[in-house]
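The values are calculated or read from the model by the stated rules, or taken from the named source; none is laboratory data. Please read these numbers as outputs of a predicted model, since none were measured by experiment. Here the Cβ positions follow ideal geometry from the backbone for every residue, glycine too, while neighbour counts run over all protein chains shown.
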Amino acid sequence: MDIISVQGLTRTYRQYKRFPGIMGSMRSLFTREYTEELAVRELTFSIQEGEAVGYLGPNGAGKSTMIKMMSGILVPTSGELHVLGRVPHLARKENAMQIGVVFGQRSQLWWDLPVNDSFDLHKYIYKIPDATFEKNLAFCLDMLAIKEFIHKPVRQLSLGQRMRVEIAMALLHEPRILFLDEPTIGLDVMAKDQIRQFLRTVNREKKVTIVLTTHDMKDIEEICPRMIVVNKGELVYDGSVTALRKKLGNERQVVIEFREEPGLIDVPGVTLLQEEGLRKTYLFAKSELSVFEIVSQIAANYYIEDVSIEQADIESVIRRLYQQLAANRQIG
Amino acid sequence: MRTYVKFTAKAFSKQLAYRSEVWLRLIGNFVTVLIQVEIWRAVIGSERIEGVTLEQMITYSIINTLLLALLLHGISGKVDESLKSGSIASELIKPISYPLFLLFDGLGNTLYQLVFTVAPSLLIASLYFGMMPPASWTHLFAFLLALLLALLISFLLGYLISLLAFWFMNHFALSWMLGGFITIFSGAFLPIWFFPSSWITVANLLPFQYMGYVPAAIYLGNITTQELWQVIAVGLGWIAGLLILVQWLWTRAVKRLVLQGG
């Protein structure tokens with residue numbers, strides 16, 4: 001059964017018109033003109049229990065809006081949304097008992113309480129039995145290395161420490177789904193790694209369904225086999241990370257180190273991306289010829305010191321996707 | 001329920017961090033009572049006005065000044081803050097009732113004020129200005145009930161204002177207005193028995209008198225034993241009415257909820 005099902009879901013925001021200047025602000029006292037902004041437009045997808053899905057899209061694509069609707073704190077304008085068989089906003093509290101939510105940019109901890117008091121309060125709020133609580137807490141404290149600062153007030157924690165506590169909190173009541181809205185934003189590499197590893201374990205071993213939004217493609221690569229890409233509220237891709245790479249990643253980046261300045265290279269399908277002296281990066285468009293054939297064409301005419309071929313990483317795949325979307329929009 | 005009591009305890013201990021404020025509050029309460037006492041001394045002197053003695057007015061002023069420190073209509077500021085910052089999302093994400101969370105959180109503050117500012121202020125004021133005992137045991141009991149009504153009504157009015165803020169995205173003007181109504185119609189400063197008769201009618205039609213006049217008048221025995229239960233019953237009626245209104249508004253407000261930021 002689908003743990004989350006979304007059908008034709010739309011959410012609009014009213015943007016009240018403001019008029020410039022003092023006279024304008026007087027005018028907006030009396031007129032209530034507004035425009036409707038679409039944050040989520042006719043979305044349809046479903047998620048199975050145990051999946052880990054990366055939900056991504058450029059800024060303003062409606063990712064947070066979607067997370068908020070799924071967690072029951074924002075009411076959809078139209079369409080159908082079911083989480084664990086319920087309409088989230090109509091059963092906010094029941095829904096809340098079975099989900100965990102982490103906002104990367106907003107703390108859910110009690111600012112002035114020490115970390116373990118926050119955990120303790122959480123136990124009461126979610127009515128967690130003692131044994132379950134102790135077991136889950138021990139697991140999180142251990143895997144996220146929280147013990148060393150458990151007596152510190154939350155406001156004294158570093159961002160990395162706080163984030164680990166937020167994630168631990170969201171899992172203490174054994175939610176079936178964990179929503180994370182940009183959980184690694186602003187963190188250093190070590191903290192990111194720790195969190196990714198933890199989330200992977202939680203998904204693979206504890207079978208918690210994960211839906212996470214991010215701008216960091218490594219989050220997706222390491223945690224989520226499936227990704228949903230949205231742009232301007234619309235679904236533009238839903239499928240596996242590998243399939244998207246196949247679809248868009250046919251281009252290769254080739255770094256060539258020349259012995260002497262080659263000047264302009266005139267080979268069809270080759271564009272210069274970047275140059276650092278004699279070390280130049282080219283983009284080879286998809287063509288009949290293989291990468292080796294093109295390189296040997298170049299090598300026939302210029303002295304080449306070294307060549308390395310790089311597979312497009314997921315980041316550039318996504319960049320290509322966004323660029324394509326922007327281009328389509330301009331044409332359309 | 002234990003969960004909500006935890007919120008009260010948390011709010012109480014949070015207040016402990018601001019203990020230096022206690023002294024300012026004690027001085028503030030004392031000065032407020034002092035000013036009122038001086039005014040009534042000048043107005044009433046050694047006589048009676050409309051059957052009210054200076055001694056009664058002193059007691060009335062003490063009760064009203066201290067009661068104001070306990071009321072809960074200030075929660076609208078808290079809701080407004082979390083609406084503007086968007087932190088209301090973190091509160092709604094929890095499996096708890098939002099109004100009950102607000103109520104118990106507010107009660108923590110009330111409890112703190114009761115212990116650290118109101119009780120000492122009461123002691124100081126009764127030693128310095130003199131305070132009359134309650135009219136009777138029945139009146140004392142009814143007074144305590146009336147205090148509960150005052151807390152609940154002030155909470156519901158504050159919550160009502162915060163829900164209206166969902167439409168206006170600005171609660172300042174509304175809470176300013178509420179403050180004005182409370183100052184005048186609660187009889188906190190000028191007891192309702194001094195109002196002209198048409199204004200008495202207006203005051204009687206509004207719930208604000210339960211936040212000042214009613215508890216004090218009950219304490220002093222200006223409300224007879226027969227009237228007592230009727231007054232309390234009407235107060236309960238107000239609570240029921242406000243509850244229904246607030247519930248209805250909430251279901252509509254949630255749809256308008258626009259979570260700010262991120």
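Taken as a whole, the stretch B:59-68 holds at least one residue that is more than 14 Å from chain A (Cβ to nearest Cβ) and more than 16 Å from the chain's Cα centre (by Cα). Only one entry of B:Val43, B:Val37, B:Val22, B:Val79 meets the criterion of being away from chain A (no Cβ under 14 Å), modelled with pLDDT under 90, farther than 25 Å from B:Leu151 by Cβ and part of a helix (DSSP H, G or I), and that entry is B:Val43. For the stretch A:183-224, the set of residues classified as surrounded by fewer than 21 Cβ atoms within 10 Å (Cβ to Cβ) and within 14 Å of chain B (Cβ to nearest Cβ) consists of A:Ile185, A:Gly186, A:His215, listed by residue number.
The lone criterion from (1) modelled with pLDDT under 90; (2) within 30 Å of B:Ser97 (Cβ to Cβ) left unmet by B:Ile232 is number (1).
Within the stretch A:52-74, the only residue that satisfies the criterion of being within 19 Å of A:Asp219 (Cα to Cα), of a type in the set (Val, Ile, Thr) and within 14 Å of another protein chain (Cβ to nearest Cβ) is A:Ile67.
Being among the polar types (S, T, N, Q) and buried (at least 17 other Cβ atoms within 10 Å of the Cβ) is the filter; apply it to the stretch B:92-151 and report the residue that is nearest to the other protein chains (Cβ to nearest Cβ). Write out each step before concluding.
Initially, the stretch B:92-151 is screened for residues among the polar types (S, T, N, Q), giving B:97, B:109-110, B:113, B:117, B:121, B:126, B:136, B:138.
Cutting the leftovers down to buried (at least 17 other Cβ atoms within 10 Å of the Cβ) gives us B:109-110, B:113, B:117, B:121.
Working: B:Asn109: 14, B:Thr110: 19, B:Gln113: 18, B:Thr117: 20, B:Ser121: 26 Å.
That would be B:Asn109.
Would you point out which residue out of A:Glu49, A:Glu42, A:Glu134 is surrounded by fewer than 22 Cβ atoms within 10 Å (Cβ to Cβ), more than 10 Å from chain B (Cβ to nearest Cβ), in contact (Cβ under 8 Å) with a residue 60 or more places away in the chain and within 24 Å of A:Lys206 (Cα to Cα)?
On the way: A:Glu42 fails: within 24 Å of A:Lys206 (Cα to Cα); A:Glu134 fails: in contact (Cβ under 8 Å) with a residue 60 or more places away in the chain.
After applying the criteria, what remains is A:Glu49.
Once the stretch A:75-128 is narrowed to residues that are β-branched (Val, Ile, Thr) and facing chain B (nearest Cβ under 10 Å), the residue that is farthest from B:Ala17 (Cα to Cα) is A:Thr77.
Restricting attention to the stretch A:172-199, the residues that are assigned to a loop (DSSP other than H, G, I, E, B) and of a type outside the set (Val, Ile, Thr) add up to 10.
Would you confirm whether or not the stretch A:92-104 contains a residue that is of a type in the set (D, E, K, R), within 18 Å of B:Thr3 (Cα to Cα) and touching a strand residue (DSSP E or B) at 6+ places or on another chain (Cβ under 8 Å)?
Restricting attention to the stretch A:92-104, the residues satisfying the condition of being of a type in the set (D, E, K, R) are A:92-94.
Those left that are additionally within 18 Å of B:Thr3 (Cα to Cα): A:92-94.
Pick out the ones that are also touching a strand residue (DSSP E or B) at 6+ places or on another chain (Cβ under 8 Å) and you get A:94.
Yes: the stretch A:92-104 contains one or more residues that are of a type in the set (D, E, K, R), within 18 Å of B:Thr3 (Cα to Cα) and touching a strand residue (DSSP E or B) at 6+ places or on another chain (Cβ under 8 Å).
For the stretch B:209-257, the set of residues classified as out of contact with any Leu (no Cβ under 8 Å at 6 or more places or on another chain), part of a loop (DSSP other than H, G, I, E, B) and either within 14 Å of chain A (Cβ to nearest Cβ) or β-branched (Val, Ile, Thr) (or both) consists of B:Ile223, B:Thr224, listed by residue number. The residues of the stretch B:54-76 that are over 20 Å from B:Ile27 (Cα atoms) and part of a helix (DSSP H, G or I), listed by number, are B:Leu54, B:Glu55, B:Gln56, B:Met57, B:Ile75, B:Ser76.
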